[in-house]
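Working notes for the structure below.
The values are calculated or read from the model by the stated rules, or taken from the named source; none is laboratory data. Quantities reported herein were computed from a predicted structural model and do not represent experimental measurements. Glycine also receives a Cβ, built like all others from the backbone with ideal geometry; neighbour counts cover every protein chain displayed. SASA here: full protein model, heavy atoms, side chains in, ligands and nucleic acids out. Shrake-Rupley method; radii C 1.70, N 1.55, O 1.52, S 1.80 Å.
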Amino acid sequence: MYSAQELVTYIESLAALPSVYYRVREQLESPDGSIKEISNLIETDTALTAGVLKLVNSAFYGLSRKIESVEQAIPVLGLRQTHELVLAITVSNVFEGIRPQNMDMRRYWIGCMMTALTARELAYLTCNPSANRLFVIGLLADTGHLVMYQTVPERTIEAQAIADARGEPLFEAERRIVGCDSAEVGAALMDNWKLPTSFAETIGAQITPRLAGKHVIEAELLHVAIAVSKADRYNEPSEWALQHIDPRIWNNIGLNPVTFPRIREAVEMNLSSCTAMFFPKAA
């Protein structure tokens, strides 16, 4: 049996994000940081620079004018959104370099994007100011499975098979067979990456949002987003998916369950284009 932290320490390919991300974040958080220095750091990474300019000029951000340079993009986005954008691109580049033998990575990338887009849409609908951060959290929500399929593939496959055969929640089978569930592993990875505490707390509480402390609303939005993503993956009717969401969560986030199918439809319309932007190999 394994703990979440043990599994994370076993996986070198996900042990840390590229150093350029941490250097950019340090500048973004520093009172002495400058837009010029931040843009210079981003521009040391060709893939990161291309990703920033492609995304900031796409319908994803919907800006009214064309952005020609990273230095021009930062004041338009603001420091917080710049951090979220850099992190999202960095993570998508890391994801594309990882291909566990027993994992359908194309399906995985699509699922990550479905969760991310839904979390962002839910944040907009509830006027939550952390919409772009929730997008990135949604993108990272299932990283626990990425670690588990890399480190303990046989046990992870067994847990999935048993959960499918018995119709039991996957996290229960994972705790029994692996020793921890994917949400716990994902939270441990966020801590290992030294991301803001909201990432680990929200991702770790995606199964039971009330455990997220001051981030409970974000965890509830993520919980609903994951339900939408699972319904899409397994081609389930929205009515079935709704059965897995505690009605109290809808009250807490201020939405009516009848919006579920409309949210799902709106996200599915943008799924292909956004997946192609972040994960070209899945297109």
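Note that region 94-149 carries a Kirkwood radius of 11.8 Å, evaluated over its alpha carbons pair by pair. The mean accessible area for residues of region 47-169, using a 1.4 Å probe and ignoring ligands and nucleic acids, is 40 Å² per residue.
Over region 1-62, the Kirkwood radius and the radius of gyration, each from Cα atoms, give a ratio Rg/Rh of 1.14. Considering helices alone, the calculated mean residue ellipticity of the chain at 222 nm is -21000 deg cm²/dmol, with DSSP H runs of length four and up weighted by -39500 (n - 2.57) and normalised per residue. If you take the alpha carbon atoms of region 110-266 and fit the smallest convex hull around them, that volume is 108 Å³ per residue. Between residue 233 and residue 46, the contour length at 0.36 nm per residue exceeds the alpha carbon distance by 64.0 nm. The alpha carbons of the chain stretch over 56, 43, 37 Å along the principal axes, in descending order. Between residue 19 and residue 240, the modelled labels are 5.0 nm apart [label points 7 Å from Cα along Cα→Cβ]. Between the beta carbons of residue 272 and residue 1, assuming R0 = 41 Å, the FRET efficiency works out to 0.55 to the nearest 0.05. Heavy-atom accessible surface of residue 233, to the nearest 10 Å², is about 130 Å², with a 1.4 Å probe and all protein chains retained.
A Förster radius of 30 Å, combined with the Cβ-Cβ distance separating residue 54 from residue 101, puts the computed FRET efficiency at roughly 0.45.
Taking 7 Å steps out from each Cα toward its Cβ at residue 211 and residue 258 produces label points 3.5 nm apart. Greater than 24 Å separation of Cα atoms is the criterion. Which listed pairs, 194/230; 194/214; 54/214; 36/66, meet it? Pairs exceeding the cut-off: 194/230; 54/214.
For the chain, the longest principal axis of the C-alpha atoms and the axis of helix 216-233 are separated by about 70°.
Note on region 1-118: Cα-only Rg and Dmax are 16.2, 54 Å. Computed from the Cβ-Cβ distance with R0 of 45 Å, the FRET efficiency linking residue 34 to residue 9 stands at 0.80.
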